[in-house]
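Structure first, commentary second.
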Amino acid sequence: MYLYITANACMRISGVAFPRISELSARLFPTLPGFVLNVRRANSTQDATCRGIAVLSFAEHGCGGVNLYKQYYVLRAIYNLYFHPLSKVPGPPAWSASRLPFVFALVRGTIVHDFEKLHRKYGPALRIAPNEVTFARPDAWNDIFQLRPDHPPFLKDPVWWKRQPGQPDSLLSAIDPEPHARIRKFLSPGFTPRALRAQEPILHRYVNLLVERVRECAAASEDSKDGSKGAQVDMAKWFHFTTFDIFGDLGFGESFHCLEHSRFHPWIALLFNSVKAASFVAAARFYPWVAFMLVSCIPPSLKKMATAHYQQIADKVQRRLNWELERPDIMSHVIEGRNHKGLPIGEINATFMVLTTAGSETTATALTGTLNYLVNNPDKLGILEEEIRQRFRSEDEIKLDTVRDLPYLNAVLHEGLRLCPPIPWVLPRVVPQGGATVCGIWLPGGTPVSIQAYTMNRDPAYFHSASSFLPERWLPEASADPMSPFFKDQRQALQPFSIGPRNCMGQHLAWAEMRLIMAKLLWAFDFEAVEGKKLKWEDLRTFLLVEKKPVEVRVRLRGMTAGA
Ligand code: HEM
């Protein structure tokens, strides 16, 4: 909730006082006392020399003197570059010397692409801040995210995840393994393949509604009264409507009614409007003074708005908990658990608040990216259409059981997740006390480490023709036939749902939604790219979430040829 309040404050502040966020950051950061810059990291890496310099600088700051700031910056940068325990890890000097380049990339939304360029230049282990390292190597998945025998786990970095004092934990913000495992245990029965089978009718309800609404768009287009020319439709929007409606129903027993009203529910609209600002708030967390100033600047009206945002979810939870009717949704398992010494209401509210985004935005992004690649690769689209249309004689035959084993559909979705990972950068974990080795590099305890999924998935060292959309690489024969150009692809590099005790709980649901939606749409419609409106996925920025841009495609009722 804190993130929302401060994110909205940022929007206000940046919108009113400073027209652009980058302008605000440019004005704020240079005025900060130098000692703030790395005090947090100096503590976490337990570097006595750093602390000494920071404290000394603080004392000097009390006496004033701009020159002392400058001297401190220079000394600090020299230390970071040549004497810091990470000084041997490759990275650009500016990023290794100071946190500022990282922060600017974060608020500009270019961080994922900047990391990609830097990895290509410096290699798969990259120093991205004085005390932080990121990896683009498949073995980093196991080293960071998997539990290792006799090793303490790498916990989530509190800079990104810590809840505010007094706020309840959620599944995502619980950093310690014990509360995390406790919350996860209550939720997990709602995400099993068995639970999914019971939830299937709910999925069909919304996927069918999506098909109906897209059909109306195609038929109502001014160009084509009979649907022959089709209509230009922003499918990104429709995918988001569908996944949020599905989660609304599965989570709270009530849809967000986006498909019905053809527009985002105000709760979702506010969420999307805050995303850029949320990156800014995350950046401010590296500078406690800035975070403090931001919180102090929040006008009461915004605090009220953020409270109302949270309260809407709390009300939905309460309405669902009050239901007497039994239904096979995600909440039903939480209710069952509550009957035997369950989850406190605050934790349920906080968890369902973040789940609404985690369970909807991700799947919609994957679908949007995949369809975008399909329309821009009509040969691949044709193969997929043929597989679906030959397999099913009617739309009603498309069920979870029947779509599960369509080889080309699965290959297309894997390739979409590879090129358009909804979580392109898995946020940092912290090396446990005493230090640990990641990808053969020893790192001191307290070092934040992360994985660059976007960079790794597009690395020619791991995938043949890595930046091309080639679903064939995921077909069984590609890994069996030594003559296949994809034989040596390192498929285990792709882990869109992460691994280990904090991997994605909703992956079965996500696969089910993606398969059903793609199969039903391609069964019913012909899709085509619109010249002049093609979107390049590589151009999208990332502000914690992947930037939302319309993906306009031409949609025709199946079998209606253009100009017919
Ligand atoms: C294509 C769609 C999806 C992708 C690519 C995806 C990816 C991920 C990833 C990478 C994580 C780990 C994040 C981290 O550790 O920092 C994660 C966590 C999680 N995801 Fe997903 N996700 C998707 C859809 C869903 C859906 C549909 C749901 C549920 C409705 C869901 C629920 C969760 C939950 C609850 C966690 C946190 C698990 C924990 O901390 O124990 N996700 N997801």
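The values are calculated or read from the model by the stated rules, or taken from the named source; none is laboratory data. None of the values given here were measured: they were computed from a predicted structure. Ideal geometry is used to build each Cβ from the backbone, glycine not excepted, and the neighbour counts take in all protein chains shown. Ligands, DNA and RNA are stripped out before the accessible areas are found, and what is left, the full protein with its side chains, is counted by its heavy atoms. Shrake-Rupley method; radii C 1.70, N 1.55, O 1.52, S 1.80 Å.
Packing around the peptides 292-298, 208-214, taken as the average count of other Cβ atoms within 10 Å per residue, puts them in this order, highest first: 208-214, 292-298.
Counting only protein heavy atoms and a probe of 1.4 Å, the accessible surface of region 68-161 is 65% carbon and sulfur. Loop-located GluC sites (Glu not before Pro) in region 275-383 (DSSP state not H, G, I, E or B) with no more than 10 neighbouring Cβ atoms inside 10 Å: Glu324, Glu326. Per residue, the chain exposes an accessible area of 42 Å² to a 1.4 Å probe, with every protein chain left in place.
In straight-distance terms, cross-link reach from Lys533 covers every one of the aspartates and glutamates whose alpha-carbon lies under 13 Å from its own, apart from those fewer than eight places away in the same chain; here that gives Asp234, Glu552.
For the chain, the share of DSSP beta bridges that are antiparallel, to the nearest 5, is 90%.
Are there any helices in the chain, counted as whole DSSP H runs, that stretch 27 Å or more along their axis by Cα and score at least -1.0 on average by Kyte-Doolittle, and if so which? Those that clear 27 Å and a mean of -1.0 are 193-220, 300-322.
Over the chain, dividing the summed -39,500 (n - 2.57) contributions of all DSSP H runs of at least 4 residues by the number of residues returns a 222 nm mean residue ellipticity of -16500 deg cm²/dmol. For region 338-419, the carbon plus sulfur part of the accessible surface works out to 50%, probe radius 1.4 Å.
Given a cut-off of 30 Å, name the pairs among Lys156/Lys237; Lys162/Lys316; Lys162/Lys488 whose C-alpha atoms lie farther apart than that in the structure shown. In this structure, Lys156/Lys237; Lys162/Lys488 exceed 30 Å between Cα atoms.
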